[in-house]
Protein chains: 2
Amino acid sequence: MHNTPFFTIWRVNMRTRTCRREPVPKDWGRLGGRALIARILVDEVEVTCDPLGPENKLIFAPGLLVGHMLSSCDRISIGGKSPLTGGVKEANAGGRTGYQMAALGIKALIVEDLPETPGLWAIRLSSEGAQFLPADDLAGVGVYQSAAKLLERHGDHVAIALIGPGGEAGMLAAGIQNLDKDAAPSRMAARGGLGALMGSKGLKAIIFDGDTGSKPPLFDRKAFELARKDYNKALLAHPQTSAYRDYSTVAMTSLTNAYAALPTRNFSSGQFEGAETLTGEHFRSLMLGRGKSCDPSHACMPGCIIQSSNVFTTADGDTTVSPIEYETVGMMGANLGIADLDEVARLNYQVNDIGLDSIEIGAALGVAAEAGLMEFGDAARALELVGEIRAGTPLGRILGNGAAAIGREYGVERVPVAKGQAMSAYDPRAIKGTGVTYATSPQGGDHTAGLTIRANIDHLRVEGQVELSRSAQFKMAGYDSLGACIFAGFGVSLNMGVIPALLAARYGWEVEEDFLVDLGKECIRLEREFNRNAGFTPADDRIPAWMTCEPLPPHNSVFDVPEEELDGIFSDL
Amino acid sequence: MHNTPFFTIWRVNMRTRTCRREPVPKDWGRLGGRALIARILVDEVEVTCDPLGPENKLIFAPGLLVGHMLSSCDRISIGGKSPLTGGVKEANAGGRTGYQMAALGIKALIVEDLPETPGLWAIRLSSEGAQFLPADDLAGVGVYQSAAKLLERHGDHVAIALIGPGGEAGMLAAGIQNLDKDAAPSRMAARGGLGALMGSKGLKAIIFDGDTGSKPPLFDRKAFELARKDYNKALLAHPQTSAYRDYSTVAMTSLTNAYAALPTRNFSSGQFEGAETLTGEHFRSLMLGRGKSCDPSHACMPGCIIQSSNVFTTADGDTTVSPIEYETVGMMGANLGIADLDEVARLNYQVNDIGLDSIEIGAALGVAAEAGLMEFGDAARALELVGEIRAGTPLGRILGNGAAAIGREYGVERVPVAKGQAMSAYDPRAIKGTGVTYATSPQGGDHTAGLTIRANIDHLRVEGQVELSRSAQFKMAGYDSLGACIFAGFGVSLNMGVIPALLAARYGWEVEEDFLVDLGKECIRLEREFNRNAGFTPADDRIPAWMTCEPLPPHNSVFDVPEEELDGIFSDL
């Protein structure tokens, strides 16, 4: 234990361009990541505020286990009142940011207020405090080039969180990108429009110089290393770990297509006739054939032994994205009727460079096709539409605001959103537990809030889905508060003792195995409190009506989990 | 009393193209107009339905006093679940529709379901029933030309309710136009996107051939004529009546400018330096100077003795609108920084012809100027933007969806809406009672739901505004259920006995003087029930946050009626 606490709250004010360090309030100490964000939002943010106005706050909070290169446990949670959903929002990412924030002793970074005059800023945070640096020269500059320039200025070792032109323009599908271990700006806290929130604060980038700090203290170093070993052993023991190393998350295509849950042509079918060329196997064979420009087994964070990420370069060598995720393949591939991974990669690259969520934009383009603005399968037209987003044309603005926006402005009913946020590449009519998650998660349509596809259950049956989603949501909220990747859960599930062991060694806490779920419960309780105060009601905890009556081929299933069951999912919180 | 009831419910199904006449359910008999619409919505419409889907219903219901050419008492209420607000919606209009529906014995016309194949239809209703007529030749045709063609086909005597290209395209600012006594398609049930609802049903026009029917029965003809005399006397005795005859509603400009409540340049000031040329006096002098092409004292319904309407022709003789209303002058004049009535008339004509609500589009253009899409005062650019709406470009679609849409897609906070619907030309920071109405009316931002500007109260003070709005809202809901124009209230207020007398003579009902308010209360109770079930909460009963902190020059007032008072306004219902 230390006399001066290592961790403090860093409060940046964009109006006064000052940074204040404060002790961690007592209530916040045992929270981290997503749960801490929920707590701060409930404590400090006026729920009815304009998400892009001065009262909203942009919060960065590393999870409780961040800072020691525990495999897949250095994630950064970013949050605020969502410009997209109007409710609570946390989105997390791998890469360097969490680790370097922890090294600086930042329990949470809270960005407040708005600049008085227009202009774009970067903030450099080091052990000395904050430097506010004009960044007008980066206005409108894409994420890849912006990151390169910032790295030149600040050195290759820093962590950077930054936005693209989409966030600067306040587009509601904009996310916040973070450097990965190789300094590529590829790890996006994508969902819910947090990039627009960062843009509203006149903030292009935050540079974290973790080298000026030090590793966070450990309560018992020896015990920590022992616990790390047990944790790694469990991680490696899980069969799924190696599948992700070989095939990345793209491994998922075969599974969703088999379950008929692969969104195809704006969620009009659950199976795609072109799925074969979107599978992990095909993906891997392409990469192996293309040699050095590709890497099928790439780690996003230093120390990660799962290495689910990848580096993918198109056949013509023009475009490299790192990584292509399954969700992008689903939403910008099958969902747009596109069966060519190179085309998906080109779309992905552009969307990354504008700084937008590829799930939300994939869904928006699907709705645009439904509205007659493109033909399904026409990748060139899809790229043109992404060009409209970059140009900020009226149509581009609508698309950059996401799937709900294009549906609203063009009067399309078949819009795959929950709480205004696009669902991911798992059709809720075929994986009903995940549908329950989409409907009831305080975050809106979001598979990472509680994916159920790996559960040993008939995914088409109604029975048991609410309980399954509830349990998945608590666990995921727990992992998101620890800073642990979804894949960490595979390992932890084999040895539930590792989390108490790690927390005991790190903080000296005595917690039981149910700590993870309790943390998740507290997180969701707070998030629901925020949403309720913001005006959300049970009517918002729904899958869109058309999915409850339009059968999904080939099983012709509908989303039929009864509303009373949805309403009861968190009734004990 | 009659053995076969004169009035029935007409139920039109757009899928089967059939019309069924049914007895009036017992609960519905004593309701009419707006209250009957609320009752039908609560009884029959799934609150969570897509407003443009098959489950929503489009309802036409004449008020209880409609059918006997009582001055300003033949209004038609039109309603459904609002495509704009997502809540309950009733909008009413003068003209011929109400009267001819009553002559056909239609207590309410309920249009259900959707056609199975694309296509546009007109329905002709006569005592024989319904004829379904293809109207594809009118697709995309403006309201003025469509009305002319329909009159040619069906005779000059019919009533017509129709939509323009905006409603066909599902734009959320689209209204439903009705012929006035001179067969001009000028009386719009404008608010809340009912034109989009009609368009979603593949319905271009409804033709009512009232000549095939007969006057509705009177319980006591002699008593009715006596009551009518008392009513007319009261109407004429009120000093306001003659002001409206001379200056139309444009009389209001001087008053709102004096109160500093005239929305100027997107509600950034309450007084407009160009207000002089937007006043009723200037308006009248222009019209008198232009001779026969103008008419300052025009009745919208046969038998109306108030004649608040007008016919206005621009100096070049090119454009005639009938009428120009104050709200259009405020929202498309001062609110856009435009001081020229001819320019306002040109904008008004185009918006009428597309079939859109001029209040909503005026507000949308104000927000567009805020977003940098036009300069305030640039009428030519404003006309261009209206041209984009007609062309259905992406920007046109956004604007055609109203003020909230353009604010949302362009990230503008200064959007003057309540429940997603544009406020009218009374700034709620200067006329706070009307602000309470905007915030708490189940209809959304709507001055006709309870305008308080004529009350003898300090409009800038907080005290008394909630009570004032409450009482105005009950009365207006009552008038809207009787089919009475807002101006009928001036007369009725001088002799509260006329309503019971008229109802006794017409139906044999024995009601007290508080019948009007009780009817209004029941109406609002039902409307709130619908909204609550649709997911509305107290957080929706608000003026936008920026109006609670941004001072309105020159008084620098903000909207500061406490939220608890807003929440308590209908606590007894």
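Scanning segment A:530-543 for residues that are of a type in the set (Phe, Trp, Tyr) and either within 11 Å of chain B (Cβ to nearest Cβ) or in contact with a Ser or Thr (Cβ under 9 Å, 6 or more places away or on another chain) (or both) gives a single hit, A:PHE536.
Candidates in segment A:512-529 are the residues that are surrounded by fewer than 22 Cβ atoms within 10 Å (Cβ to Cβ) and within 24 Å of the chain's Cα centre (by Cα); of these, the one that is farthest from the other protein chains (Cβ to nearest Cβ) is A:PHE515. Here B:TYR247 clears all of (1) of a type in the set (Phe, Trp, Tyr); (2) within 24 Å of B:ILE306 (Cα to Cα); (3) in contact with a Gly (Cβ under 6 Å, 6 or more places away or on another chain); (4) touching a residue at least 60 places away in the same chain (Cβ under 8 Å) except the condition numbered (4).
Check whether at least one residue in segment A:546-556 is of a type in the set (A, V, I, L, M, F, W, C), touching a residue at least 24 places away in the same chain (Cβ under 8 Å), surrounded by fewer than 19 Cβ atoms within 10 Å (Cβ to Cβ) and within 14 Å of chain B (Cβ to nearest Cβ), and report yes or no. Yes, that holds for at least one residue.
Filtering segment A:186-204 to residues that are away from chain B (no Cβ under 14 Å) and out of contact with any Lys or Arg (no Cβ under 9 Å at 6 or more places or on another chain) leaves A:SER186, A:MET188, A:ALA189, A:ALA190, A:LEU203, A:LYS204. Of the listed requirements (1) within 14 Å of chain B (Cβ to nearest Cβ); (2) under 21 Å from A:ILE78 (Cβ atoms); (3) of a type outside the set (A, V, I, L, M, F, W, C); (4) touching an Asp or Glu at 6+ places or on another chain (Cβ under 7 Å), A:ASP480 misses just one: (1). Here segment A:100-117 is the region considered, the condition is being assigned to a loop (DSSP other than H, G, I, E, B) and in contact with a helix residue (DSSP H, G or I) (Cβ under 9 Å, 6 or more places away or on another chain), and the residue that is nearest to A:GLY140 (Cα to Cα) is A:LEU114.
From the list A:LEU385, A:LEU356, which residue is away from chain B (no Cβ under 14 Å) and closer than 22 Å to A:TYR144 by Cα? Criteria check complete, one pass: A:LEU356. Only one entry in A:SER72, A:SER77 is modelled with pLDDT under 95 and either touching a Phe, Trp or Tyr at 6+ places or on another chain (Cβ under 8 Å) or of a type in the set (Lys, Arg) (or both), namely A:SER72. Could you tell me whether any residue of segment A:390-402 is away from chain B (no Cβ under 14 Å) and not small (Gly, Ala, Ser)? Yes: segment A:390-402 contains one or more residues that are away from chain B (no Cβ under 14 Å) and not small (Gly, Ala, Ser).
For A:GLY420, the criteria (1) within 11 Å of chain B (Cβ to nearest Cβ); (2) free of Cβ contacts under 8 Å to residues at least 40 places away in the same chain hold in every case but one, which is (2). I'm trying to understand the selection: among the residues of segment A:349-403, which are under 24 Å from A:ASN310 (Cα atoms) and touching a strand residue (DSSP E or B) at 6+ places or on another chain (Cβ under 6 Å)? The answer is A:TYR349, A:GLY355, A:LEU356, A:ILE359, A:GLU360, A:ALA363.
Just one of B:LEU36, B:LEU52 is in a helix (DSSP H, G or I) and either among the hydrophobic types (A, V, I, L, M, F, W, C) or free of Cβ contacts under 8 Å to residues at least 40 places away in the same chain (or both); which is it? B:LEU36 is the lone residue from the list that is in a helix (DSSP H, G or I) and either among the hydrophobic types (A, V, I, L, M, F, W, C) or free of Cβ contacts under 8 Å to residues at least 40 places away in the same chain (or both).
Scanning segment A:403-417 for residues that are of a type in the set (A, V, I, L, M) and more than 9 Å from chain B (Cβ to nearest Cβ), we see that the one that is surrounded by the fewest Cβ atoms within 10 Å (Cβ to Cβ) is A:VAL412. The test for being more than 14 Å from every other protein chain (Cβ to nearest Cβ) and under 17 Å from the mean Cα position of the chain (by Cα) holds for B:PRO442. It is to be established whether one or more residues within segment B:460-470 are modelled with pLDDT under 95 and of a type outside the set (Phe, Trp, Tyr). Looking through segment B:460-470, none of the residues is modelled with pLDDT under 95 and of a type outside the set (Phe, Trp, Tyr). Every test in (1) within 27 Å of B:VAL88 (Cα to Cα); (2) away from every other protein chain (no Cβ under 14 Å); (3) among the small types (Gly, Ala, Ser) is passed by B:GLY377 save one, and that test is (1). Has segment A:200-220 got at least one residue that is assigned to a helix (DSSP H, G or I), touching a residue at least 12 places away in the same chain (Cβ under 8 Å) and among the aromatic types (Phe, Trp, Tyr)? Checking segment A:200-220: not a single residue is assigned to a helix (DSSP H, G or I), touching a residue at least 12 places away in the same chain (Cβ under 8 Å) and among the aromatic types (Phe, Trp, Tyr). Looking at (1) free of Cβ contacts under 8 Å to residues at least 24 places away in the same chain; (2) away from chain A (no Cβ under 14 Å), which one does B:GLY435 not meet, given that it meets all the others? Tallying (1) free of Cβ contacts under 8 Å to residues at least 24 places away in the same chain; (2) away from chain A (no Cβ under 14 Å), B:GLY435 fails exactly one: (1).
Based on this model, can you work out whether B:ILE176 counts as touching a His at 6+ places or on another chain (Cβ under 8 Å) and β-branched (Val, Ile, Thr)? Here the answer is no, as B:ILE176 does not meet what is asked.
Quick grid of which residues meet (1) under 29 Å from B:TYR99 (Cβ atoms); (2) surrounded by 21 or more Cβ atoms within 10 Å (Cβ to Cβ); (3) among the hydroxyl-bearing types (Ser, Thr, Tyr):
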residue: B:GLY291; (1), (2), (3): no, no, no
residue: B:CYS294; (1), (2), (3): yes, no, no
residue: B:ILE305; (1), (2), (3): yes, no, no
residue: B:ASN310; (1), (2), (3): yes, yes, no
residue: B:ASP316; (1), (2), (3): no, no, no
residue: B:THR328; (1), (2), (3): yes, yes, yes
residue: B:GLY333; (1), (2), (3): no, yes, no
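Scanning segment A:473-495 for residues that are over 23 Å from A:MET301 (Cβ atoms) and either surrounded by fewer than 24 Cβ atoms within 10 Å (Cβ to Cβ) or in contact with a His (Cβ under 6 Å, 6 or more places away or on another chain) (or both) turns up just one, A:PHE474. Any residue that is on the phi > 0 side of the Ramachandran plot, modelled with pLDDT of 95 or more and crowded, with 19+ Cβ neighbours inside 10 Å - is there at least one of those in segment A:153-176? The answer is yes, given that some residue of segment A:153-176 is on the phi > 0 side of the Ramachandran plot, modelled with pLDDT of 95 or more and crowded, with 19+ Cβ neighbours inside 10 Å. Only one entry in A:GLY87, A:GLY105, A:GLY164 is in contact (Cβ under 8 Å) with a residue 40 or more places away in the chain, within 14 Å of chain B (Cβ to nearest Cβ) and either within 22 Å of the chain's Cα centre (by Cα) or farther than 27 Å from A:VAL311 by Cβ (or both), namely A:GLY87. Taking the numbered list (1) crowded, with 17+ Cβ neighbours inside 10 Å; (2) at pLDDT 95 or above in turn, B:ASP43 passes all entries but (1).
Scanning segment A:238-265 for residues that are in a loop (DSSP other than H, G, I, E, B) and either surrounded by 24 or more Cβ atoms within 10 Å (Cβ to Cβ) or touching a His at 6+ places or on another chain (Cβ under 8 Å) (or both) yields A:TYR259, A:ALA260, A:ALA261, A:LEU262, A:PRO263.
For segment A:1-22, a residue qualifies if it is modelled with pLDDT of 95 or more, in a loop (DSSP other than H, G, I, E, B) and under 24 Å from A:ASP74 (Cβ atoms), and the qualifying residues are A:PHE6, A:PHE7. Does B:LEU235 satisfy the criteria of being part of a helix (DSSP H, G or I) and either within 14 Å of chain A (Cβ to nearest Cβ) or within 30 Å of B:GLU510 (Cβ to Cβ) (or both)? Spelling it out, B:LEU235 is indeed part of a helix (DSSP H, G or I) and either within 14 Å of chain A (Cβ to nearest Cβ) or within 30 Å of B:GLU510 (Cβ to Cβ) (or both).
The values are calculated or read from the model by the stated rules, or taken from the named source; none is laboratory data. Just so it is clear, the structure is predicted and the values come from calculations on it, not from any experiment. So basically every Cβ, Gly included, is an ideal-geometry build from the backbone, and we count neighbours across all protein chains shown.
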